[in-house]
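Notes to accompany the following structure.
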Amino acid sequence: MLQLLSSLFLSYAVQSLGFVFFYYLQLLLYYGDTNKGVLSDEHVMISAKCQELAKLLPSLKLSGHRVLIFSQWTSMLDILEWTLDVIGVTYRRLDGSTQVTERQTIVDTFNKDTSIFACLLSTRAGGQGLNLIGADTVIIHDMDFNPQIDRQAEDRCHRIGQNKPVTIYRLVTRGTVDENVYEIAKRKLTLDAAILESGAQIENEGDAKTMGEILSSLLLG
């Protein structure tokens, strides 16, 4: 397990230009001119994910959709705010630093005011307990190693009162650690489904297998 994690982090540092770009922009945001940024607006669009958002978001807006954009890092949300300003769409933001008393106001405003196109949220703070049925599209900018965390975020649209189909987008950059995280998440979901299926079979058969036996049968065939 330690070797796998070391390999993933090494891959992250060496392969991912997005990783380097993220921290480069972060340094500029925090130590440069915070009003305009040291770089011009065009530089934020160097990121492949930001380029994709620049194509996707105007199209969604023209089609009458509204979106939730999730990231694990509040520093990445700073960059995404910059990106949305460049694209020219309206938005609100909610993360762990948002006061509890302000959160419901942001949620209510977003749900009621259709002129607000997007809501930026941190996956942990904005991914639980909120009802954001004003949106019908979820964009996961960077996935979590635990796919259940992302599913909880996606469920912010899947709440009582939602009357539109909900579409989920996951941004994965080819040739980077994103691919590894995506594959690990898929395997975890497959394992979860297999365990649940095995559990149902065990209940039906009345066989008292241990969890270790279940996992061994799944992993070893």
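The values are calculated or read from the model by the stated rules, or taken from the named source; none is laboratory data. Please read all numbers here as calculations on a predicted model, not as lab measurements. Reconstructed Cβ throughout: ideal geometry from the backbone, glycine too, with neighbour counts over all protein chains shown. For the accessible areas, the whole protein counts, side chains as well, though only heavy atoms, and no ligand, DNA or RNA atoms are used. Shrake-Rupley method; radii C 1.70, N 1.55, O 1.52, S 1.80 Å.
Structure above, values below:
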| read-out | value |
| --- | --- |
| Subset tally (residues that are in a helix (DSSP H, G or I) and in contact with a Gly (Cβ under 9 Å, 6 or more places away or on another chain)) for the range 58-94 | 3 |
| In the range 126-145, the residues that are more than 24 Å from Gln99 (Cβ to Cβ) and open to solvent by 60 Å² or more (accessible area, probe 1.4 Å) | Phe145 |
| Only one of Asp207, Asp144, Asp136 that is among the charged types (D, E, K, R) and at pLDDT 85 or above | Asp136 |
| Qualifying residues in the range 151-166 (those that are of a type in the set (Lys, Arg) and open to solvent by 60 Å² or more (accessible area, probe 1.4 Å)) - the one nearest to Val107 (Cα to Cα) | Arg159 |
| Tabulated pairs, the range 170-188, first assigned to a loop (DSSP other than H, G, I, E, B), second open to solvent by less than 30 Å² (accessible area, probe 1.4 Å), C-beta under 6 angstrom, 6+ apart or interchain | Leu171/Lys49; Leu171/His141; Val172/Asp178; Thr176/Ser16 |
| Pick from the range 167-204, criterion at pLDDT below 80 and small (Gly, Ala, Ser), ranking: surrounded by the most Cβ atoms within 10 Å (Cβ to Cβ) | Ser198 |
| Inter-residue pairs, beta-carbon under 7 Å, first without any contact (Cβ under 8 Å) to a residue 40 or more places away in the chain and in the range 141-162, second part of a loop (DSSP other than H, G, I, E, B), 6+ apart | Ile149/Gly127; Gln152/Gly127; Gln152/Gln128; His158/Val166; Arg159/Asn131; Arg159/Ile133; Gly161/Ile133; Gln162/Ile133 |
| Boolean, Asp41 is open to solvent by 30 Å² or more (accessible area, probe 1.4 Å), at pLDDT 90 or above and of a type in the set (Asp, Glu) | no |
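Per-residue answers, yes or no, for (1) of a type in the set (Asp, Glu); (2) surrounded by fewer than 19 Cβ atoms within 10 Å (Cβ to Cβ); (3) touching a residue at least 24 places away in the same chain (Cβ under 8 Å); (4) over 18 Å from Gly134 (Cα atoms):
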position	(1), (2), (3), (4)
Lys55	no, yes, no, yes
Ser59	no, yes, no, no
Thr74	no, yes, yes, yes
Arg92	no, yes, yes, no
Gln104	no, yes, no, no
Val107	no, no, yes, no
Phe110	no, no, yes, no
Ser115	no, yes, yes, no
